[in-house]
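Derivation of every value follows stated rules applied to the coordinates shown; laboratory data play no part. In this text the structure is predicted, and so the values were computed from the model without any measurement. Virtual Cβ from ideal backbone geometry, glycine too; neighbours counted across all protein chains shown.
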């Protein structure tokens, strides 16, 4: 009787795995391409707002030491860029919507699918326009805030470059995490492109301004 009790054991499921292994397996099985469309729009909008407005402000700062002129130009770039992104995204997604609806009609799938299901599957131009405008504004606000409280011209330019660089690295890191891509490559690519855009804009504007033709 004692021998029987000593020989008894608790069965261990063969499929039981370490939690970290299960997590890695789940991540490997996840299709990151499903995030491609909205991730591209969000990262592109925020990065475009950050780099465009920062480069515009750096260009103005290259020939004008007035903080007010630099900030006003950045604000104008934020409004113009957000409107441009929203209109461009709305037109682009609406064209995509027209193509998909026409294709559904050709295939006879318009009557078969319920209206709510169609709305979920088809792209939403208004949603895409609002998201693009918000993403652009989110990126553009960084250099504006960085330059708003600095009086010295050289310090202001340095703070703008530093703040924009940190934001570029952050956007690259977020994009790599959401997209499942290498972090270092993504951050370096975004940072290098942004710094190059600011440097080229600053250099060319400085060159034209110092030539005395303006």
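For the peptides 185-193, 98-106, residues were scored by their other Cβ atoms within 10 Å and the scores averaged per peptide; the highest-first order is 185-193, 98-106.
Sequence-distant contacts, meaning Cα pairs under 8 Å at least 6 residues apart, place the relative contact order of region 117-214 at 17 percent.
Could you please rank 126, 201, placing first whichever residue has the fewest other Cβ atoms within 10 Å of its Cβ? In increasing order of surrounding Cβ atoms, one gets 126, 201. Quick one: if the Förster radius is 30 Å, what FRET efficiency do residue 154 and residue 126 give, using the C-beta to C-beta distance and rounding to 0.05? Approximately 0.10, to the nearest 0.05.
According to the Cα-based calculation, Rg over Rh for region 37-206 is 1.11, with Rh computed by the Kirkwood formula. Sorting 205, 181 by the number of Cβ atoms found within 10 Å of their own Cβ, with the fewest placed first, yields 181, 205. Of the peptides 167-177, 135-145, 52-62, 82-92, the order by per-residue mean of other Cβ atoms within 10 Å, starting with the highest, comes out as 52-62, 135-145, 167-177, 82-92.
Taking all Cα pairs closer than 8 Å and separated by 6 or more residues, the relative contact order of region 37-206 comes to 38 percent.
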